[in-house]
Amino acid sequence: MNEFDWIDTQSELDALVDTLCRVDAYALDTEFHRERTYVPVLAVIQIATPDGISLIDPLAVDVRPLRKALERDSLCVMHAAAQDLEILELACGTAPRRLFDTQIAALFCGYRTSSLGKLIEGFLGLQLDKSAQLTDWTRRPLPPADLSYAASDVAHLLQLQDVLS
C-alpha cells in the first residue's frame, strides 16, 4: 500500500501548494465522475513529490489555490493528460505550464501501449493494482483500497519520467 496524506482542509491544501512551489517536478492525476453530468465532477486530485503523495478531496476544499503551483515552471508529470487538463482548467482556471505526458513520451520511445500499468511494469518492473478503476470517486468516505489505488496512479510517475527522458 502506498503511504499518502489525505487533504480535506484548506490549510492542508495551502501547505501543499507551498511545497509544490518549491519543487522542480511533481506528478499529478485526477479522479472524476463524468456520467450523467454536464461537466465532470472532480472527486480526487493525486499529487506526488519526491517527498510523498497527497490525495486532495475537492469535495471538501476549494482547489483553486493549486493555480499558483500549476502556473510555475515546475515540471508536471502526468499520464494520458487530456481529460485531466480539461478538469484542471475547469477547477483551477488553468493547466500546468510545463507538462510531461508519460503516455506520449512512451510512444515516442517506441512503446506500443498507452496503459500506465503496462508502462510501469515494462520500464520499472513493478505491477500496479488497477482493480478500482471504475469506482465511484464521489462517494465518501472512500475505502482504503480505493485511496491506495489513487495514490498508486502517481507513486511512480516521476521515476517513469526519468526513465523515459
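Residue-by-condition table, conditions (1) over 22 Å from L147 (Cβ atoms); (2) hydroxyl-bearing (S, T, Y); (3) modelled with pLDDT of 95 or more; (4) open to solvent by 20 Å² or more (accessible area, probe 1.4 Å):
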site: E12; (1), (2), (3), (4): no, no, yes, yes
site: L28; (1), (2), (3), (4): no, no, yes, no
site: R34; (1), (2), (3), (4): no, no, no, yes
site: V39; (1), (2), (3), (4): yes, no, no, yes
site: P58; (1), (2), (3), (4): no, no, yes, yes
site: K68; (1), (2), (3), (4): yes, no, yes, yes
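When the criteria are applied in full, I7 fails the requirement of being closer than 17 Å to L99 by Cβ, crowded, with 19+ Cβ neighbours inside 10 Å, under 16 Å from the mean Cα position of the chain (by Cα) and at pLDDT 95 or above.
No other residue among P96, P141 is closer than 23 Å to P50 by Cα and assigned to a loop (DSSP other than H, G, I, E, B) apart from P96. Within the stretch 144-165, work out how many residues are closer than 13 Å to E31 by Cβ and of a type outside the set (S, T, Y). The number of residues fulfilling the criteria is 6. With the condition kept exactly as written, say whether any residue in the stretch 107-121 is under 15 Å from the mean Cα position of the chain (by Cα) and of a type in the set (D, E). Checked the stretch 107-121: no residue is under 15 Å from the mean Cα position of the chain (by Cα) and of a type in the set (D, E). Can you find even one residue in the stretch 154-161 that is free of Cβ contacts under 8 Å to residues at least 12 places away in the same chain, open to solvent by 20 Å² or more (accessible area, probe 1.4 Å) and among the hydrophobic types (A, V, I, L, M, F, W, C)? Looking through the stretch 154-161, none of the residues is free of Cβ contacts under 8 Å to residues at least 12 places away in the same chain, open to solvent by 20 Å² or more (accessible area, probe 1.4 Å) and among the hydrophobic types (A, V, I, L, M, F, W, C). Restricting the first member to the stretch 70-83 and to residues that are under 12 Å from L116 (Cβ atoms) and in a strand (DSSP E or B), and the second to residues that are open to solvent by 10 Å² or more (accessible area, probe 1.4 Å) and among the polar types (S, T, N, Q), the beta-carbon pairs closer than 9 Å and six or more apart or on different chains are V77/Q161; M78/Q103. The residues on offer are V39, V17, V61, V44, and the sole one that is of a type outside the set (G, A, S), touching a Leu at 6+ places or on another chain (Cβ under 7 Å) and assigned to a strand (DSSP E or B) is V44. Exactly one residue among R139, R98, R72 is closer than 27 Å to T19 by Cβ, out of contact with any Asp or Glu (no Cβ under 8 Å at 6 or more places or on another chain) and either modelled with pLDDT of 95 or more or surrounded by fewer than 18 Cβ atoms within 10 Å (Cβ to Cβ) (or both), and that residue is R72.
The values are calculated or read from the model by the stated rules, or taken from the named source; none is laboratory data. What you see is a predicted model, and the numbers here were worked out from it, not measured in a lab. Note that we place each Cβ from the backbone using ideal geometry, even for glycine, and neighbour counts take in every protein chain shown. Just the protein is used for accessible areas: all its heavy atoms, side chains included, with ligands, DNA and RNA removed. Shrake-Rupley method; radii C 1.70, N 1.55, O 1.52, S 1.80 Å.
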